[in-house]
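Structure record follows, encoded as C-alpha cells.
The values are calculated or read from the model by the stated rules, or taken from the named source; none is laboratory data. Please read all numbers here as calculations on a predicted model, not as lab measurements. Positions of Cβ are generated from backbone atoms using ideal geometry, with glycine treated the same way; all protein chains shown enter the neighbour counts. Protein only, heavy atoms only, side chains kept; ligands, DNA and RNA dropped before computing areas. Shrake-Rupley method; radii C 1.70, N 1.55, O 1.52, S 1.80 Å.
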Amino acid sequence: MSDESISVIRIRDVLLVTMPADPDDTTVAALQERTLEAMDLHDVRGLVLDLSKVEILDSYFARTVAETAQMVGLMGGETIIAGMSPAVAITATELGVTLGKTRTALTIDRALDLISKPGDGTRPRREP
Amino acid sequence: MNLEDQGEVKIKQEADIAMARRAIRDIAKKLGFGITETASIVTAASELSRNVFKYAGAGVMQWRTFTSGENKGVELRFEDRGPGIADVNEAVREGYSTGGGLGMGLPGAKRLMDEMEIDSTVGKGTRVTVRKWCRR
C-alpha cells in the first residue's frame, strides 16, 4: 500500500476506512466508490472513517466525506468519523466546512464503541 | 521587505492541486509556521488552486517568502486567464458561488490567511494574492 492510497479493512461487522495524509482529488473521489463497493460486499453495520493521518480537509474533501456518509446511510449503514487532528478541526472550521449530521469520535476505539451499540439512545426506548 | 525565496507551480490538471499543496506545506514548515498555521496556508492554497483549475482550466501559483524586520511571511499569488469575476465583493461574501461548489473557496481562504487581494477583469482573468505572517 502506498502512502497515498485508501485502506479499507473489515473488522467484525464494521469497515475501517483509513484516508492517507494528503489525498489528491482522484484519491478523494475513490473514497466514495471503494466505500460503497465494500458496503455492498460485506454485511456490516457501517464504517469508521479514520482521518487521523489527514493533514488538511478542504471543501472538496469535506463535501465528499459528507456525501459518502449520506450514501452509506441510504444503504442502511452508519458512518462515524474518527481521529481528526486539532489542526485539521481548527482549519476546517475557519474555512467553513461542515460534515452534515455525520457522527464523530475522538479515536477509532471510541468510534467502534459507538457503532457497535444497536440501541445507543438515538431510537426512543419503548415504555414497558 | 526582503525577498527570501520564490518559485511557482503550474496548475494544468487536477493532480496539480495536490502538487501545489505539497510545495506550500514544505515552504511553510521551513519558514517556521506551526502545525495549525501550516494547515491554514495549505488549505487556502488548495481552495485557490482548485478555483484556478475549476473556473479557468489552467493557471499558475507563484509563491515567495520574505522577511520584514523580525517577521517572516509567505505570499501566494494565483493567476489565470479565465472568465474573471464580475463582482469581487460579492465573490468574497459567504455562500457565493457560480461554479457549483460550496462557495467557500474565496471567503474561506480569506479567513485562513492574514491578507487577500483580488484583481480580476471579466474576460481576461483573475489574480488572487494572499499573505500570512509567521508570528513567533
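In this structure the amide hydrogen of B:Ile11, modeled in the peptide plane, comes within under 5 Å of the amide hydrogens of B:Gly59, B:Val60, B:Met61, none closer than 5 places in sequence on its chain. Since only A:Ala62, A:Gly46, A:Leu31 are under comparison, the one whose Cα sits farthest along the positive direction of the charge dipole of region A:18-75, derived from C-beta charges on Lys, Arg, Asp and Glu, is A:Gly46. Relative to the Cα centre, the charge distribution of chain B, modelled as +1 at Lys and Arg Cβ and -1 at Asp and Glu Cβ, gives a dipole magnitude of about 320 debye. When GluC sites (Glu not before Pro) are flagged only if DSSP places them in a loop and at most 11 other Cβ atoms lie within 10 Å, the longest unflagged stretch of chain B comes out as B:1-69. Could you work out how far helix A:86-95 tilts from the main Cα principal axis of chain A, as a 0 to 90 degree angle to the nearest 10? Around 80 degrees separate the two axes.
Given an 8 Å cut-off on Cα distances and at least 6 residues of separation, report the relative contact order of region A:1-86 as a percent. Answer for region A:1-86 is 31 percent. In degrees between 0 and 90, to the nearest 10, how far off the longest principal axis of chain B does helix B:15-31 point, with axes built from Cα atoms? Roughly 30 degrees between the two axes.
Rounded to the nearest 20 debye, the dipole magnitude of region A:7-115 is 340 debye, with +1 charges on Lys and Arg beta carbons, -1 on Asp and Glu beta carbons, and the Cα centre as origin. Would you be so kind as to identify which of A:Ser5, A:Gly100, B:Leu76 lies farthest towards the positive end of the dipole of the protein assembly as shown, taking Lys and Arg as +1 and Asp and Glu as -1 on Cβ and the Cα centre as origin? Highest projection toward the positive end goes to A:Gly100. Based on DSSP H segments of at least four residues, each scored -39500 (n - 2.57), chain A has a per-residue ellipticity at 222 nm of -12500 deg cm²/dmol.
Averaging the sequence gap over all C-alpha pairs within less than 8 Å and six or more residues apart, then dividing by the number of residues, gives chain B a relative contact order of 27 percent. Of the whole protein surface, B:Asp80 contributes about 30 Å² of accessible area at a 1.4 Å probe radius. With a threshold of 25 Å on the Cα-Cα distance, the over-threshold entries among B:Lys30/B:Lys110; A:Lys53/B:Lys30; B:Lys29/B:Lys124; B:Lys72/B:Lys124; A:Lys53/A:Lys101 are B:Lys29/B:Lys124; B:Lys72/B:Lys124.
Note on chain B: helix-only mean residue ellipticity at 222 nm, from DSSP H runs of 4+ residues weighted -39500 (n - 2.57) and normalised by residue number, equals -10500 deg cm²/dmol. In order along region A:49-66, phi translates into HN-Hα couplings of 9, 7, 10, 5, 7, 5, 9, 9, 10, 8, 5, 5, 4, 4, 5, 5, 4, 5 Hz, rounded to whole numbers, per the Karplus curve 6.51 cos²θ - 1.76 cosθ + 1.60 with θ = phi - 60° and x for Gly and Pro. Shown for region B:2-134: the carbon plus sulfur share of the solvent-accessible area, taken with all protein chains present and a 1.4 angstrom probe, equals 45%. Per residue, chain A exposes 55 Å² of accessible surface when a 1.4 Å probe is rolled over the protein heavy atoms with every protein chain present. Surface burial for A against B, with a 1.4 Å probe and both sides summed, reaches about 1900 Å² of accessible area. The antiparallel fraction among DSSP beta bridges confined to the protein assembly as shown stands at about 75%. Note on the protein assembly as shown: with charges restricted to the Cβ of Lys and Arg (+1) and Asp and Glu (-1), its dipole about the Cα centre is near 360 debye.
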